[in-house]
Amino acid sequence: MKPEFARTWQRSPVQQKSTPKKKQVVIKVRRKGLITRGEKFLYSLVSILFIVICFYIVSFSFTLDTLNRDVQSLEQQVNQQEATNENLTSEIKELSKPERITKIAKENGLKIQDTEVKKANSFDE
């Protein structure tokens with residue numbers, strides 16, 4: 001047997017109560033976190049940067065979409081104007097036919113003598 005065990009075994013229970021117990025000192029162990037302060041700062045900085053970049057991308061996409069819609073509406077207007085111009089050009093050709101000119105001249109009392117009626121020239125040509 002060990003000597004310490006033998007001594008405690010020989011003591012009476014009364015003696016054990018009278019001995020003062022040592023006061024247990026509570027040691028607080030500080031657990032360090034998994035992430036240090038510097039890492040937290042870097043993570044938050046990267047997160048903010050990521051959010052700003054996402055906002056910029058969405059803003060750029062919105063602006064690009066708006067411009068595309070404006071371009072499409074302008075193209076529609078150009079197509080409509082081209083169609084109107086073609087209609088007016090064909091109407092000019094119809095109105096400047098020599099037969100029409102001679103008919104209007106006869107209706108207004110003009111006499112056409114052996115001359116040829118030429119097509120009326122437009123300013124664009």
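The values are calculated or read from the model by the stated rules, or taken from the named source; none is laboratory data. Keep in mind it's a predicted model, so treat the numbers as computed, not measured. In this analysis, Cβ positions are derived from the backbone assuming ideal geometry, glycine residues included, and neighbour counts consider all displayed protein chains.
The table that follows gives values for the structure above.
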{"read-out": "Every pair of residues 6+ apart whose Cβ atoms lie under 8 Å, when the first sits in segment 28-42 and is surrounded by 10 or more Cβ atoms within 10 Å (Cβ to Cβ) while the second is in a helix (DSSP H, G or I) and at pLDDT 85 or above", "value": "35/43"}
{"read-out": "Some residue of segment 94-101 being at negative phi and not in a helix (DSSP H, G or I)", "value": "yes"}
